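Following: one structure in C-alpha cells, then a few remarks.
Each reported figure results from applying straightforward, stated rules to the coordinates on display, with no laboratory input. Quantities reported herein were computed from a predicted structural model and do not represent experimental measurements. Because the Cβ atoms are built from the backbone with ideal geometry, glycine has one as well, and the counts that use them run over all protein chains shown.
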Amino acid sequence: MNDIPTHYLNISYYLKKYLGKLPDPPLNPATMQPIEGKDLAAIFPMELIKQEVSLEKEIEIPEEVREIYKIYRQTPLIRAERLEKFLKTPAHIYFKYEGNNPSGSHKLNTAVAQAYYNQKEGVKNLLTETGAGQWGSALSMACNFFGLKAEIFMVKVSFEQKPYRKILMELFGAKVHSSPSLETEFGRKILKEHPDSNGSLGIAISEALEMVSKKPNARYALGSVLNHVLLHQTVIGLEAKKQMERIGEYPDMVIGCCGGGSNFSGIAFPFLADQLAGGKKIRFIGVEPESCPSLTKGEYRYDFGDMSQKTPLLKMKTLGADFMPSPIHAGGLRYHGIAPLIAFLHEEKLMEARAYGQLEVFKAGVDFAKAEGIVPAPESAHAIKAAIDEAIKCKKTGAKKTILFNLSGHGLLDLKGYDDYLHHKLV
C-alpha cells in the first residue's frame, strides 16, 4: 500500500525543461486564439483546467483519491515467462496488469480523480462518451463512489457487441444511451442522415457535450486525449518503475496501445521523463488498429475532438473529425485523433507508431491467453502483438532485450470478439 504514488508525474514539465518546447495549445475556434480557462469552465471543474495547463513537475494525488486507489493499487508487474518459452525468445517480457480492478481496465485511474474534483466543486451530473465501455464502466463506478449521477453515450456498435459492459454501468447507477441516440439534436441529425450508423467516439462526444449544456450542475468527463487525463494515468508507469528497480531490470522498450493515448502515456511517460533527463535510451512504441490509423496515417494539424465541432481545436494527428471507423471489436481505439501530447512526441521522433489488422491482433490475444492465463481486452492485444513481434526479433538476433507493455484491461466482457475470431467470422 505504501508504494501507491503520492503524486502524478507531469510530462509537460520535462518537455519544457529538457526539450525546450511544448505541443501547440488548444485554440478557441471562434477567435483562433489559445483557449482560456474561462472558456472551459462550463465543461470542466477549475482544478482539472489548472492541471491541463500545468508545468509543475508533479501534482499531488488527493488523499480521498488514494483511498479509493487502495482498493486495487498497486497493480502487479508480471514477467510473462510462459510466453517467453512459447516464443523461444531470449527477451524478458514484462506486463503491468491494469485489468484486476473492479472496472476491469486502467480507466478507473482517471475516473476516480475526475469524479473527485467534480464533486468538490458541487457538480451533480457527469456526462461522457464511451467506445468499448471500459471508460463508461470506470466513470460509472467512480461517480457511485462520490455520489454523482453518470450519463453515458456508448458507441452503437459496442452497445450491441458488448451488452455486459452496459449492464455494469447500469449496476453502478449510470444511464446509458446507444449513440447516435434520439436524446440529442445531433444524434437525431445523424440518424436521419444515416439510419444504420454504427456510431463513433466523435459522435458520442458531441452528444455528451450537447447534453451538458441542458442539465443543471452538469459537467463533462473525458477518458483520454487531454493532458489532465494522461497525467492521472502516470500512476501506472510510476509503480512499474519501482517494481522493475526491485528486480534489477529496466526496459529497453515500452509498449502501449493507442486510441486516444491514455494507455500508452500511463506506462510510458515516467520512463520518458527519465530519458529526457538524460537517462537510458528507450524505444517507445504506440500501437493502433489499421482501420483507425491516426498516428501512422493521420495529418498533424488542428482539428475538432468531436464530429459536431463543439470542442476546442486540438493540434493532433487526425483522420478528420468526420472519420467513420469500421466496427472493429477494439472499440476503445476507434477514435479519429490522438492526444496532442502523443502526436507531439511522434512528430519529435521520441516514439514509434505501429498499426495492426484485427485478425493478427486477436491471434496475439489468444496466444497470450493460452500462455499466461489472462484473456486480454482487444485494445491491449495490440500491445501484446507488438511485444511478441519484438520478442521474435530478439530470437532472431539473440539480443536479450527487456520488453515492458501495458495490459490495460481484461477481455472477459469481450468474449463475443474472441468467439467471432475462433469461428472465423472476423475480417
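Order these by the 10 Å Cβ neighbour count, fewest first: 105, 380. If you can, show how the numbers build up before the last one.
On the way: 105 28, 380 35.
Going from least to most buried by this count: 105, 380.
Which value, in debye to the nearest 20, gives the size of the charge dipole of the stretch 353-427 about its Cα centre, when Lys and Arg are +1 and Asp and Glu are -1 at the Cβ?
Working: 11 positive and 9 negative charges, 87 e Å.
The dipole of the stretch 353-427 has a size of about 420 debye.
Grab the other residues whose beta carbon is less than 13 angstrom from that of residue 427, score K and R as +1, D and E as -1, and report the net.
It works out to a net charge of -2.
From the backbone phi of the stretch 364-380, what are the Karplus-calculated ³J(HN,Hα) couplings (6.51 cos²θ - 1.76 cosθ + 1.60, θ = phi - 60°) in whole Hz, Gly and Pro given as x?
Listing the rounded values in order: 4, x, 5, 4, 5, 4, 5, 7, 10, x, 10, 7, x, 4, x, 4, 5 Hz.
For a footprinting-style exposure proxy, rank 269, 304 by other Cβ within 10 Å, fewest first.
Details: 269 29, 304 22.
In order of increasing Cβ crowding within 10 Å: 304, 269.
Taking θ as phi - 60°, what are the ³J(HN,Hα) couplings along the stretch 222-236 by the Karplus curve (6.51, -1.76, 1.60), each to the nearest whole Hz, with x for Gly and Pro?
Karplus values, whole Hz, x for Gly and Pro: 10, x, 7, 6, 7, 4, 5, 6, 5, 4, 4, 6, 5, 4, 5.
For residue 283, what residues show an amide H to amide H distance below 5 Å, using hydrogens built from the backbone and excluding near sequence neighbours?
253, 254
If r is the Cβ-Cβ distance from residue 21 to residue 423 and R0 is 35 Å, what FRET efficiency results, to the nearest 0.05?
Values: r = 50 Å, r/R0 = 1.44.
Calculated value: 0.10.
If we sort 209-220, 110-121, 174-185, 3-14 on the protection proxy, mean other Cβ atoms within 10 Å, highest first, what's the order? Don't skip to the answer; put the middle values down first.
Values: 209-220: 17.3, 110-121: 24.8, 174-185: 20.7, 3-14: 19.1.
Descending packing order for the listed peptides: 110-121, 174-185, 3-14, 209-220.
With +1 assigned to the C-beta of every Lys and Arg and -1 to the C-beta of every Asp and Glu, and no other charges, what is the dipole magnitude of the chain about the Cα centre in debye, to the nearest 20? Numbers along the way, then the final one.
Values: 53 positive and 49 negative charges, 158 e Å.
For this selection, approximately 760 debye.
For the stretch 29-80 and the stretch 217-262, what is the centre-to-centre distance using only Cα atoms, to the nearest Å?
Answer, in whole Å: 12.
Taking the Cα-to-Cβ direction at residue 400 and at residue 32 and moving 7 Å from each Cα, how far apart do the two end points lie in nm?
Rounded to a tenth, the inter-label distance reads 5.8 nm.
Students often check this: by mean Cβ neighbours within 10 Å, which of 193-199, 348-354 ranks highest, and how do the rest follow? Don't jump to the answer; show the numbers that get you there.
Numbers: 193-199: 14.9, 348-354: 16.9.
Averaged packing, sorted descending, gives the order 348-354, 193-199.
Considering the dipole of the stretch 95-219 built from charges on the beta carbon (Lys and Arg +1, Asp and Glu -1) around the Cα centre, which of 109, 152, 209 is farthest to its positive end?
The one lying farthest along the dipole's positive direction is 109.
For 342, 167, what's the fewest-to-most ordering of other Cβ within 10 Å of each Cβ? Don't skip to the end; give the middle numbers.
Numbers: 342 32, 167 13.
Ordered by Cβ neighbours within 10 Å, fewest first: 167, 342.
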